[in-house]
Amino acid sequence: MSKANFTFAVITFNHESYIIEHLESIRFLIENFGSTYNFNLIIADDGSRDRTVELANQWLSAHNALFSNITVLADGSNHGTCFNYTRIWPLIDGDLFKITAGDDVYSCVNIFKEVERLKHNDFFSGLPLLLIDGKLGESRPTIFHILATDVIYKGKKLIERLKGISSINTPNLFCNKKFLQDKNLFDFINSYSVTEDFPMMVKIANSYENITFVQTREVYVYYRRTSGSTYLIRGSDFDKDKLKAFDYMLSNEKNWLDRFVLRNRIYCYKLDNSLFKKLLNLGYYSYLFKLMANALPIAKACSESPSATQVHQTHYDLIAKNANNFLDSIQKNQPHIK
């Protein structure tokens, strides 16, 4: 029986401090769970001004046997987040893949088993763990809102989640390969600046019928937060992208009440006062009502999601140790590297 293809795609920009950890987490998955797959690796670098590409190539020289095919896109130019994301699409071989940022780290969960189990869905996502200064942290309020979102919008169209107050963890998000073959979606995402995930889901939700979304209780990716995270240093661009996506939803909305609520949400999003942003947002009152109406199933969903942070911390410590060992080895072979 021939092996199925699985593609790891990595988006990088000034990730020299993290790229080896990311690649080591891929190696862990392949060596522990990947015996029945052929693996492809794509690295798309958006003009890093540090040693991200150099370090990645050194790691690949040592571990190229893990992959059937390796593609490194690194011409030194800064094309922008969205272009760097979409240029990967035509290069993905096979239906099974995951696109992740080069500063994040894959968990110890067997994602190949998860993909096989859930690949017939259009989207599935897991729960978040934040990676800050080498420590994994679990935000129970964030997890609560993700699980509450899943209960509230269960059986409803995906666009309903996106129009209302909701929470989906996109670093853990997997999507169907068919969307990557949609030229209109490709062009739509490239019209944005730094935000690719929310506009992508909005466009798909408006363009396709009966989109299926599954929320699991697993953690697939540790999402790294640093002072240099794009959402912090380019916050105004994120806001512009979010408003642009809201405007797109508004332009496609036919129901007068939903149009009114969307206009209110756009108005509130533009306010500078963080308190008024919520107090005047009708969507929050609707969300609060839905929380109370679904209190019992939400409580049940939360009780069925016990913390596994220590297991993941042990895994991350192993990945970090392997990454440090690799960096030490190239340091010894090339003393001039600092």
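Some notes on this structure:
- Restricting attention to region 29-50, the residues that are farther than 25 Å from GLU196 by Cα and assigned to a loop (DSSP other than H, G, I, E, B) total 3.
- Taken over region 282-321, the residue count meeting the criterion of being closer than 30 Å to ARG51 by Cβ and under 24 Å from the mean Cα position of the chain (by Cα) is 9.
- Taken together, the criteria exclude ASN78 from residues that are outside any helix (DSSP H, G or I), surrounded by 15 or more Cβ atoms within 10 Å (Cβ to Cβ) and over 17 Å from the mean Cα position of the chain (by Cα).
- Residue check: LEU96 meets all listed conditions (1) under 26 Å from PRO128 (Cα atoms); (2) surrounded by 16 or more Cβ atoms within 10 Å (Cβ to Cβ); (3) free of Cβ contacts under 8 Å to residues at least 40 places away in the same chain but one, namely (3).
- Contacts under 7 angstrom Cβ, first residue in region 178-199 being without any contact (Cβ under 8 Å) to a residue 24 or more places away in the chain, partner in a helix (DSSP H, G or I) and surrounded by 19 or more Cβ atoms within 10 Å (Cβ to Cβ), 6 or more apart: LEU185/PHE179; LEU185/MET200; LEU185/LYS203; LEU185/ILE204; PHE188/PRO199; PHE188/LYS203
- Complete set of residues in region 257-290 that are part of a loop (DSSP other than H, G, I, E, B) and farther than 20 Å from LYS244 by Cβ: ASN273, LEU280
- For SER139, the test of being closer than 16 Å to PRO171 by Cβ, of a type in the set (S, T, N, Q) and without any contact (Cβ under 8 Å) to a residue 40 or more places away in the chain is passed.
- In region 271-295, of all residues being surrounded by 11 or more Cβ atoms within 10 Å (Cβ to Cβ) and of a type in the set (D, E, K, R), the one that is farthest from ALA148 (Cα to Cα) corresponds to LYS277.
- Taken over region 29-45, residues that are surrounded by fewer than 22 Cβ atoms within 10 Å (Cβ to Cβ), touching a residue at least 12 places away in the same chain (Cβ under 8 Å) and over 20 Å from ALA323 (Cβ atoms) amount to 4.
- Whichever residue in region 1-28 is touching a helix residue (DSSP H, G or I) at 6+ places or on another chain (Cβ under 7 Å), aliphatic (A, V, I, L, M) and assigned to a strand (DSSP E or B) and, among such residues, is surrounded by the most Cβ atoms within 10 Å (Cβ to Cβ): VAL10
- Every condition in (1) surrounded by fewer than 21 Cβ atoms within 10 Å (Cβ to Cβ); (2) closer than 28 Å to GLN181 by Cβ; (3) in contact with a Lys or Arg (Cβ under 8 Å, 6 or more places away or on another chain) is met by ARG117 except one, and the failing one is (3).
- Looking at THR142, THR226, just one residue is surrounded by fewer than 16 Cβ atoms within 10 Å (Cβ to Cβ), at negative phi, in contact with a Pro (Cβ under 8 Å, 6 or more places away or on another chain) and not basic (Lys, Arg), and that residue is THR142.
- Count of residues meeting criterion [within 17 Å of ILE152 (Cα to Cα), modelled with pLDDT under 95 and among the β-branched types (Val, Ile, Thr)] in region 283-338: 0
- Failed item in (1) of a type outside the set (Asp, Glu); (2) under 23 Å from the mean Cα position of the chain (by Cα); (3) under 23 Å from ASP328 (Cα atoms), with ILE92 passing the rest: (3)
- Residue satisfying condition, being assigned to a loop (DSSP other than H, G, I, E, B), of a type outside the set (S, T, N, Q) and surrounded by 15 or more Cβ atoms within 10 Å (Cβ to Cβ), within set LEU127, LEU180: LEU127
- Residues in region 60-67 include none that are surrounded by fewer than 21 Cβ atoms within 10 Å (Cβ to Cβ), closer than 26 Å to LYS178 by Cβ, touching a residue at least 60 places away in the same chain (Cβ under 8 Å) and among the hydrophobic types (A, V, I, L, M, F, W, C).
- Pair list, Cβ under 8 Å, 6 or more apart: region 296-319 residue under 12 Å from CYS108 (Cβ atoms) and surrounded by 14 or more Cβ atoms within 10 Å (Cβ to Cβ), other residue among the acidic types (Asp, Glu) and at pLDDT 95 or above: ILE319/GLU21; ILE319/GLU24
- Residues of region 114-143 that are more than 17 Å from HIS312 (Cβ to Cβ) and of a type outside the set (A, V, I, L, M, F, W, C): GLU116, ARG117, LYS119, HIS120, ASN121, ASP122, PRO141.
The values are calculated or read from the model by the stated rules, or taken from the named source; none is laboratory data. Computed from a prediction, not measured in an experiment: that's the story for all the values here. Cβ sites come from the backbone with ideal geometry, for glycine too, and all protein chains shown count toward neighbours.
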